[in-house]
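Please treat every number below as a calculation from the coordinates, not as lab data. All values derive from a computational prediction rather than experimental measurement. Counting neighbours? That spans all protein chains shown, and the Cβs are built from the backbone with ideal geometry, glycine included.
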Amino acid sequence: MAKTPKFANAKVFAWVDKWNKVCTPDKIVVVTGTKKEHLAICEMMVKNGQFIKLDQKKRPECYLARSHESDVARVEGRTFICSKREIDAGPTNHWMDPEVMKKLMLKSYKGCMKGRTMYVIPFAMGPIGNPITQYGIEITDSPYVVVNMNIMTRTGDAVMKHLGKDGDFIPCIHSVGAPLKKGQKDVAWPCAKKIEDKFITQFPEDREIWSFGSGYGGNALLGKKCFALRIASKLAKDQGWMAEHMLILTLTSPEKKQYHVTAAFPSACGKTNLAMMQPKLPGWKLQTIGDDIAWLKPGEDGRLYAINPENGFFGVAPGTSMDSNPNALKSCKKGTIFTNVVLTPDGDIWWEDMGVKAPKEGIDWKGNPCYVCADDPYRMGPKPGMTKKEIKESGYVAAHKNSRFTAPAENCPVLDKAGFNGLYNKKPTGVPIDAILFGGRRPSTIPLVNEAKSWTHGVFMGSAAGSEVTAAVISDQIGQVRRDPMAMLPFFGYNVADYFQHWLEMERTSADATKLPKIYFVNWFRKGEDGRFMWPGFGDNSRVLKWICQRIEGQVEANETAIGNIPFAKDIDLTNNDEKAKFHVVKADLEEILKVDVEGWKKEIATVGASYDEYDAKASKDTTVRSKTARRVPKALRQVLADVSAALAK
Ligand code: OXD
Ligand code: MN
């Protein structure tokens, strides 16, 4: 066993000492957060066969990792909220008694770091010193996690210094769950191979995170989903703020007026693309503050102020192209870690729908050779000379569908530096939010944009959000629509009904509820009967954002329908709509996606009602819930459901 190092902060010492005794690593390294240290760890991983160094001229300080085939996405089925009472985890979470879970997991952790180094990562979620920022200590035996955390969060000495002797933090423990025997050679991606040996566990009452068996993304980079969403959502509820699965952007109009917008879309539904979008509308400028998580706190003036707690982008690679998101591609130019993409013979990377011709040959995400397709230079297949049809039918992809880039936010050419640093008018308040967008991939029914009639109606819209399941999660339901309230389904740290109530409370407790953001539901993914997309998305989304800004300013009327306020087609600015361009607005489609599909909506409302009933059914069964209304979907939301339903029946 290694000797526990000294720490000025007694709670840090106790956390490290406890896990040193349980996990028995060979060595302990406290991460200082310097670039030299970061690169030294990357180089050590190259030597150990865990990283491939990319061509340093093309991609300075960039590396490629390939994960084990069992470890490619978040494992929702193995993610637990361990509150003392099951009802506090609520109907959407997997629950286990915290003491039972801790006992069980302690067995797995026993000796799990033998032959490995235990890294201690002090990290900040948010700019160090900002009043909204929170801190964490992640213990891990994965150098991959260390270097990804270095990009995704602010790590090292500065955090430790900020914590001082008695600064508080969220303690996190992570192990890949693959101890090494004496002399045993390590594998490229150590992890627990069996899904049932993986645990991603949150203890919201103890405010601790325990993760075991996976090395991938949200399962292992504990600052992200586990802390910044699951634990933070519980902290936020207790303390009167909000932790949300939302991008944050700054939009500047041609008149130089600034707007700040957040948007909650489920995983792999284009948050990164919207956060970095290049507006098609002349004179409009968009800047990025965050692409995945927002922490919003009510200000004394009644507005909600937001920071991005992260420091980098953990973006989905396939589909990211110079067309879809040039700023994301530029963000990956240096200091980036790629996971599960294709390696090209010249030491660069490639993925499907990158908009770049495939190399003649490459190495796919599983480490096998892959070859350019015979009749499509933008595809690769597992054998030479395969046709596009053959590749499609085989289901083969050369880069995994959930392959990722971990890129430093500072690389982003359109980063709003002040907002990213938590500043507004030079004060560390975060930025005031003007509009909140909800959305998802919905091929039918849901219009291009729909404005809530009130805060409560907006909360209803969020609660009713749904989307096609994407490859960001290991699931047998990929492609099916599932309800994903506020895009938080996998990330609630507590009971979903209480979470809805908390959203409603934000209005009741606001210093001036008229200053709360306006709420919208957007859908860039409507499809025609022939399967084509009816809205181009990407830069054309600026047309929708402009309409939203005009609504905020009271400059434009809306069609006040049963489901909300929808634009008149004439009010969507089509300047610069080049009908010959690859992506452009088709006017007939625009008319169509601004209509209320009454029959579709009746079904939609019925499914939303069914999801509420499902949530409530669990509370009804729980004998610890005494009151008939407690822990149920708030009446105010049931009322909106009834109102919309009645209006549709007219
Ligand atoms: C993510 C996710 O990685 O939502 O951001 O899965
Ligand atoms: Mn996400």
Cα extents of the range 590-650 along the three principal axes, largest first (Å):
51, 17, 16
May I ask you to list the GluC sites (Glu not before Pro) in the range 263-355 that are in a DSSP loop and have at most 15 other Cβ atoms within 10 Å of their Cβ?
Glu300
In Å and on Cα atoms, what radius of gyration and Dmax does the range 118-166 show?
10.6, 31
What full-extension length gain, to one decimal in nm, is calculated for Met1 and Gln480 as 0.36 nm per residue of separation minus the Cα-Cα distance?
167.6 nm
If you average the alpha carbon positions of the range 391-409 and of the range 144-222, how far apart do those two centres end up, in angstrom?
24
Non-local amide H neighbours of Arg379 (under 5 Å, H modeled in plane, Pro and chain starts lacking H): which ones?
Ala358, Cys373
Rounded to the nearest 5, what is the percent of antiparallel bridges among the DSSP beta bridges in the range 430-544?
55
Mind checking the range 393-443 for trypsin sites (Lys or Arg not before Pro) that DSSP puts in a loop (not H, G, I, E or B) and that have at most 13 other Cβ atoms within 10 Å?
Lys426
Hey, which of these cross-link pairs are over 30 Å Cα-Cα: Lys6/Lys102; Lys234/Lys333; Lys21/Lys161?
Lys234/Lys333
I'd like to know which of Gly49, Asn219, Trp295 lies farthest towards the positive end of the charge dipole of the chain, counting +1 on Cβ of Lys and Arg and -1 on Cβ of Asp and Glu.
Gly49
Which value results when the Cα radius of gyration for the range 269-356 is divided by 2.2 N^0.38 Å?
1.32
From the phi angles alone, apply the Karplus equation (6.51, -1.76, 1.60; θ = phi - 60°) to the range 244-257 and give each ³J(HN,Hα) in whole Hz, x where the residue is Gly or Pro.
10, 7, 9, 6, 10, 9, 10, 10, 10, 7, x, 7, 6, 8
Extended-chain gain in nm, criterion 0.36 nm per residue less alpha-carbon gap, Asp55 and Lys635
202.9 nm
Rg to Rh for the range 16-81: what is it, with Cα atoms only and Rh by Kirkwood?
1.07
Give me the net charge of Met1's neighbourhood, meaning all other residues with Cβ under 14 Å from the Cβ of Met1; Lys, Arg count +1, Asp, Glu -1.
+4
In terms of the charge dipole of the chain, which places +1 on Lys and Arg and -1 on Asp and Glu at the beta carbon, the residue among Thr32, Tyr305, Ala646 farthest towards the positive end is Thr32
How high is the relative contact order of the range 523-584? Use alpha-carbon pairs under 8 Å, at least six apart in sequence, and give a whole percent.
27
If you place +1 on the Cβ of every Lys and Arg, -1 on the Cβ of every Asp and Glu, and leave all else neutral, what size is the dipole of the chain about its Cα centre, to the nearest 20 Debye?
1680
Rg and Dmax of the chain, Cα atoms only, in Å:
24.2, 75
Quick one: if the Förster radius is 25 Å, what FRET efficiency do His94 and Ser645 give, using the C-beta to C-beta distance and rounding to 0.05?
0.20
As a test, work out the antiparallel percent of DSSP beta bridges whose residues both lie in the chain, rounded to the nearest 5.
65
Spatial separation of Cα centroids for the range 340-354 and the range 1-43, in angstrom
34
Put +1 on the Cβ of every Lys and Arg and -1 on every Asp and Glu Cβ in the range 416-510; which of Ala452, Ala435, Gln501 then has its Cα farthest towards the positive end of the dipole?
Ala435
Relative contact order for the chain using alpha-carbon pairs under 8 Å, separation at least 6, rounded to a whole percent?
14
Net charge near Phe13 (other residues with Cβ under 15 Å of its Cβ; Lys, Arg +1; Asp, Glu -1) is +3
Scoring only Lys, Arg, Asp and Glu (+1, +1, -1, -1) among other residues with Cβ under 15 Å from the Cβ of Gly299 yields -1
